[in-house]
Amino acid sequence: MKKLFRHGRTTLLVLAAGLLLAACGQDDAPQQAAGNQERPPHPVEVTAIARQDIPLEKSYPSLLRSDNEVTLVARVTGFLEQRHFEPGQLVEQGQTLYSIEPDVYQAAVNQREADLQSARAELARAQRDADRFERLLSQNSVSRQQYDQARAELGVAQAGVAQAEAALASARIDLGYAEVTAPVSGMISLSQVNIGNLVSSGTELATITPLDPLEVRFQLPQQDAFALRRQLDDQQITSIITRLQTPGVSGSEDADLEGRLDFLGSRVDRDTSTVQASATFPNPGAQVLPGQFARVSLEGLKRFDVLAVPEIAIGQGLMGPQVFVLDEESVARARTVELGEVAGPWQIIRGGLEVGERVVVGDPSGIEPGTAIDPQPFDGEAGEIVEQAEQEADEEMPQEAGTPPAGEQEGEAGEDDAS
C-alpha cells in the first residue's frame with residue numbers, strides 16, 4: 001500500500017508541474033511574438049542614388065620589348081681588326097665599336113682624291129682650249145668643227161670631274177663604314193664575330209638594346225580605348241598616369257615605373273577586339289629588361305555620368321545580382337540589377353535603378369526583404385565601407401580548430417589548479 005501511495009503522489013506532482021510549465025509557455029508566447037514584431041530597425045548606410053563620374057584603375061598584360069633595338073651589321077668587306085667594347089657594356093650613341101681594315105679604305109680615299117685632282121686638271125685644260133677656240137672662231141681662224149670638238153672635250157672633262165667626285169664620296173662612305181659606331185645608346189650583346197675573321201657586307205656583328213627609356217606596347221579592350229580617346233579629345237591627357245609593374249621586382253624600392261602614354265591606335269583588331277597602345281617609361285639603372293612579362297596600369301581613366309554603388313552592397317538573389325532599395329517607410333525591398341564594370345571599390349550599375357532611389361550601400365548581411373532599416377549617412381567613401389566590412393568579417397571568423405576559446409582555457413586551468 002505504501003508503494004502504491006508513493007507512486008500515485010509522484011504522478012500527481014509530475015502532472016502539476018506539466019500544467020504549470022504549459023501555463024508559463026502560454027504566457028511567454030505572446031511576449032516572444034511581441035518581441036519579434038518590435039525588432040529595432042537595422043542600422044546601415046543608405047544613399048540616394050545619383051549619377052557621378054567614377055575613376056577607373058585598369059591594368060593590362062604586356063611583354064616588354066625595346067622597339068629601338070638595333071642589330072649591328074657590317075657594311076664593308078674586310079678583316080675585323082679591333083673590338084672597342086666589352087660584352088654587356090652600356091654604349092653611347094656614336095661610340096666606335098669595331099674597326100674593319102680602316103687603313104685599306106683610307107688608301108682608297110687617297111686614291112680617289114688623286115683621281116679627282118687629275119680630273120680637275122684635265123677640266124682646266126679643256127676649259128682653256130674651249131675659250132681659245134671661241135676667240136679664234138670669232139676671227140675666222142679656225143673652223144666651226146674645230147670649235148665644236150673643243151667644246152665636246154670640255155664636256156667630257158666636266159663629266160670626268162663629276163665622276164671622280166662621286167668615286168671619292170663613295171670611298172669616304174666606305175671609310176666611314178670601316179669604323180662601326182653605335183647608332184643608339186644601350187646595352188650591347190656578345191660579339192657574334194671574333195677579331196681576325198673576314199666579314200662582308202651583311203654580316204651581323206652584335207645587338208644594341210636601349211634600356212632607358214623603355215617603350216612598352218599593350219592592348220586595350222575597345223571599350224577602354226573608346227573611353228580613353230574621349231578623355232584625350234577633351235584635353236585630359238595630363239590626368240592619365242601610366243605605371244609599369246613587373247613580377248619579381250614589385251614591392252622593392254623604386255620597382256614600379258611611372259611613364260607617359262605615347263600612342264593610342266586608330267583601329268580595332270578584328271581578331272581580338274582590342275586597340276594597340278604604347279607608353280614610354282624611364283628605366284634608370286635598367287630595373288626592367290626587354291622580354292619580361294609586366295602589367296601596364298592606367299590611372300585617371302573615368303566612366304562619366306554613371307550609376308554606381310559600393311561593391312559590397314551587391315548581393316545575389318534568385319533572379320541574379322540584387323541590391324536593397326528602401327520604400328517610403330524605410331523598409332528594404334530587393335531589386336535585381338544589371339552590373340557593369342568594377343571600378344575599385346565601386347560597382348557600376350547598368351540597369352535596375354533610377355536616380356533618386358534610396359539604396360542600401362553598406363554591408364547587406366543580416367538584411368532580408370521586408371527588414372526595417374535605420375538609414376545611416378553615407379560619406380561617399382566606398383573604400384572605407386569595404387574595408388570596415390572586411391575587418392568585421394575577420395573578427396567574426398571562428399578560431400582555428402583545436403584552439404578552445406580563452407574562457408574555456410581559463411576554466412580548464414582552474415580545474416587543474418583545484419585538483
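The values are calculated or read from the model by the stated rules, or taken from the named source; none is laboratory data. None of these values were measured; they are calculated from a predicted model. Cβ sites come from the backbone with ideal geometry, for glycine too, and all protein chains shown count toward neighbours. For the accessible areas, the whole protein counts, side chains as well, though only heavy atoms, and no ligand, DNA or RNA atoms are used. Shrake-Rupley method; radii C 1.70, N 1.55, O 1.52, S 1.80 Å.
Within the range 230-258, take every residue that is within 16 Å of SER59 (Cβ to Cβ), surrounded by 13 or more Cβ atoms within 10 Å (Cβ to Cβ) and among the polar types (S, T, N, Q) and give me the one that is modelled with the highest pLDDT.
THR242
Based on what the data block shows, is GLN106 closer than 30 Å to ARG358 by Cα and either at pLDDT 50 or above or surrounded by 13 or more Cβ atoms within 10 Å (Cβ to Cβ) (or both)?
no
Based on what the data block shows, is ALA171 in contact with an Asp or Glu (Cβ under 8 Å, 6 or more places away or on another chain) and under 30 Å from HIS84 (Cα atoms)?
No.
Name the strands (runs of 3 or more DSSP E) wholly within the range 251-329 that hold at least 1 residues that are charged (D, E, K, R) and either touching a residue at least 60 places away in the same chain (Cβ under 8 Å) or in contact with a strand residue (DSSP E or B) (Cβ under 6 Å, 6 or more places away or on another chain) (or both)?
Output list reads 257-264, 293-310.
Does ALA225 satisfy being out of contact with any Phe, Trp or Tyr (no Cβ under 7 Å at 6 or more places or on another chain), in a helix (DSSP H, G or I) and open to solvent by less than 30 Å² (accessible area, probe 1.4 Å)?
The answer is yes for ALA225.
Quick check on the range 279-287. Is at least one of its residues of a type in the set (Phe, Trp, Tyr), open to solvent by less than 20 Å² (accessible area, probe 1.4 Å) and either modelled with pLDDT under 90 or under 30 Å from ILE208 (Cβ atoms) (or both)?
Scanning the range 279-287, I find at least one residue that is of a type in the set (Phe, Trp, Tyr), open to solvent by less than 20 Å² (accessible area, probe 1.4 Å) and either modelled with pLDDT under 90 or under 30 Å from ILE208 (Cβ atoms) (or both), so the answer is yes.
If you scan the range 44-65, which residues turn out to be out of contact with any Asp or Glu (no Cβ under 9 Å at 6 or more places or on another chain) and either among the small types (Gly, Ala, Ser) or loosely packed, with under 13 Cβ neighbours inside 10 Å (or both)?
Hits for the range 44-65 are ALA50, SER59, PRO61, SER62, LEU63.
Consider THR272 carefully, then state whether it is modelled with pLDDT of 85 or more and farther than 24 Å from ILE54 by Cβ.
Spelling it out, THR272 is indeed modelled with pLDDT of 85 or more and farther than 24 Å from ILE54 by Cβ.
Go through the range 66-97 and give me each residue that's in contact with a His (Cβ under 7 Å, 6 or more places away or on another chain) and either loosely packed, with under 15 Cβ neighbours inside 10 Å or not aliphatic (A, V, I, L, M) (or both).
Across the range 66-97, the qualifying residue is only THR96.
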